[in-house]
Amino acid sequence: MYRQAVLPPELPEFNMILKHIVPILFIFMTAFVSCSSGNSDVDEPTPADGTVITLKKDVTSLLRNPCMGWGLYEEGLDGICDADKYWSAQSDVANRYGSFFYMRYRWSDLEPDEGRYAWIYDENYKKLVKGALDRGLKLAFRFMFDARSSQGKGCTPDYVREAGAKGYYNNENLYWSPYPDDPVFLSKLEKFLKAFAAEYDNPAIVDFIDGYGLGIWGEAWYIIWPDGSTQEHKNEAMRKILQLYAGCFRNVNLILNLGGELGHELETRYAYEENGYGFRRDGLGSMYFTEGDQNMARQMYGRTLLIGEACYWAVGRENVPDDFKPWENNDEGAFDSRYKPGNTWKDVYYLTLEDVYNFHFNTLDLREAGDSRNWLKYAPDMVQKFIEKGGYRLFPERIVLPSAAKAGTAVEAVHQWVNDGTGYLPNNMRNWNFKYKPAFALVDSNDKVVKVWVDDDAEPSTWLGGKSYEYKKSLSLSYVLPGKYRWAVAIVDKTKDNTPGIRLAIMNDRKVEGWSVIGDVVVE
């Protein structure tokens, strides 16, 4: 289509024949085209005129796209933190590095009394959430039900027990937790989740929700069941929890900790296959990220979202001494060759990012104030490198479009894309349902988008590993008035009237209504 034509050698006899035949053919073809154009609003697409648009790649900027990047945390083990203090400590980190704000709360903090929801009645909570959104961060959540997750408090609201839910006491018989299969617990949980979903099942402000919450820290570990519970009964009860979340959240992506008590086979079947979940793995950069977990992550790369979290080595690391050794008090025999008692914090951060890159996790945690200071003190280069390599980083490395065209015809766009990140755009997640697509637009002289074409055949979730992916799209110029325009490109969100939804890695990006302007075109 863009190659120079190769002409046959000049032959006198051949040229003499053409001299007489070409005029006749021209008259015939003109009549044929005239008849054909009467039966169609738009002619067949003509190839682009050879104008190759080459853009400069942005390899360093923070892009802040959905479901990727550095996360700031609010652990919630002591209740909802003071919003002013939190953002005073984390504001600069959020503005410079963060992409999402992850809140891991006890259910009892979000609903202390039945129907008294924090997002309606708790001014401090609302200020905390607003602080994240004002700084350009998306939200993410986990709810904890097991009192063993907390430091001296229950995690499930008292009204659940008072309504008749069966459970158990722990922490010296002071704090109660429900059994995961109890019907009263499940009924009250469903009511809470529906109310929460009414507020937060919105991908414009929420990246993901951990759709489980069982066990210690809500990580599916050490779940306590009624005496006599069979494994089959436990599996079905855990499956019901997954279905409960999936029934409430239809737009925001759901996540399950992989490597929990369900086991990888049932995690795949119940969470991923049946309910469209992605997976998270805590403990990256440590021996807790097992070979089995690694194999699971490999299998899921490109199939579903992978959320990563570093191993948490110390609680409250507000002032970490320079000579602190993360592995010092651990049994050396418990580690493989990467983990040594003499490792420094920088060693640990390096190993963590090695896991993130090699196993294609889209996110990692700068976590709370002490942790983020630690990262930026010992490994600022790694923090920046994850911005450049972590998650997905999409770039239109080659676009071919005409610089001149005729109104009422169709032209062909050729577009070639690359993902320079180690993760992927999880467009194939069930709750996103392939909503992000490459698209082109015409922008008029008043900086108004006058026409949009979406390439539904181009699928960004398949863009993996730095490979190039090329597509062709016919662009109909029907109802486009003659004039001077500019071409623009974007990855749009089809659920938002085809408006741009993903920031592209384009240097010196000229934007109009979120579209990247890439070249001029005259429509005659």
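Key figures
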{"quantity": "Low-density loop cleavage sites - chymotrypsin sites (Phe, Trp or Tyr not before Pro) in the range 470-524, where at most 16 other Cβ are within 10 Å (DSSP)", "calculated": "Tyr479"}
{"quantity": "Rounded to whole Hz, the Karplus (6.51, -1.76, 1.60) HN-Hα couplings of the range 285-295, x for glycine and proline", "calculated": "x, 8, 5, 6, 7, 6, 4, x, 5, 5, 5"}
{"quantity": "Backbone HN-Hα couplings from phi across the range 402-408 [Karplus 6.51/-1.76/1.60, Hz, Gly and Pro as x]", "calculated": "x, 8, 8, 7, 9, 4, x"}
{"quantity": "Cα gyration tensor shape for the range 340-384, rounded if a/c is under 1.5, else prolate or oblate", "calculated": "oblate"}
{"quantity": "Rounded if a/c under 1.5, otherwise prolate or oblate - the range 46-109, Cα gyration tensor axes", "calculated": "prolate"}
{"quantity": "Overall form of the range 91-199 per C-alpha gyration tensor (a/c, 1.5; a/b vs b/c)", "calculated": "prolate"}
{"quantity": "Charged-residue dipole, Cβ positions (Lys, Arg, Asp, Glu), the range 373-524 about Cα centre, Debye nearest 20", "calculated": "440"}
{"quantity": "From phi via Karplus (6.51, -1.76, 1.60), per-residue ³J(HN,Hα) for the range 435-443 in Hz, x at Gly/Pro", "calculated": "7, 9, 9, x, 8, 10, 9, 9, 10"}
{"quantity": "Placed amide H near Arg135: partners under 5 Å, 5+ positions off or other chain", "calculated": "none"}
{"quantity": "Amide H contacts under 5 Å for Val480, placed H, 5+ residues apart", "calculated": "Gly408"}
{"quantity": "Estimated distance in nm for a label pair at Thr290 and Asp497, the labels positioned 7 Å out from Cα along Cα-to-Cβ", "calculated": "5.1"}
{"quantity": "Projected area, mean over directions - the range 156-310, Cα convex hull, nm²", "calculated": "10.2"}
{"quantity": "Sequence-distant residues sharing a close amide H with Phe208 (under 5 Å, placed H)", "calculated": "Phe141"}
{"quantity": "Trypsin sites (Lys or Arg not before Pro) lying in DSSP loop within the range 153-249, provided at most 13 other Cβ fall within 10 Å", "calculated": "Lys166"}
{"quantity": "For Ala147, net neighbour charge (Lys/Arg +1, Asp/Glu -1) across residues whose Cβ lies under 10 Å away", "calculated": "+2"}
{"quantity": "Nearest-0.05 FRET efficiency for Arg430 and Asp158, computed from C-beta distance (R0 35 Å)", "calculated": "0.50"}
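Each value in this text was obtained by applying a stated rule to the coordinates, not by laboratory testing. Just so we're clear, the structure is a prediction, and the values are computed from it rather than from any experiment. Cβ sites come from the backbone with ideal geometry, for glycine too, and all protein chains shown count toward neighbours.
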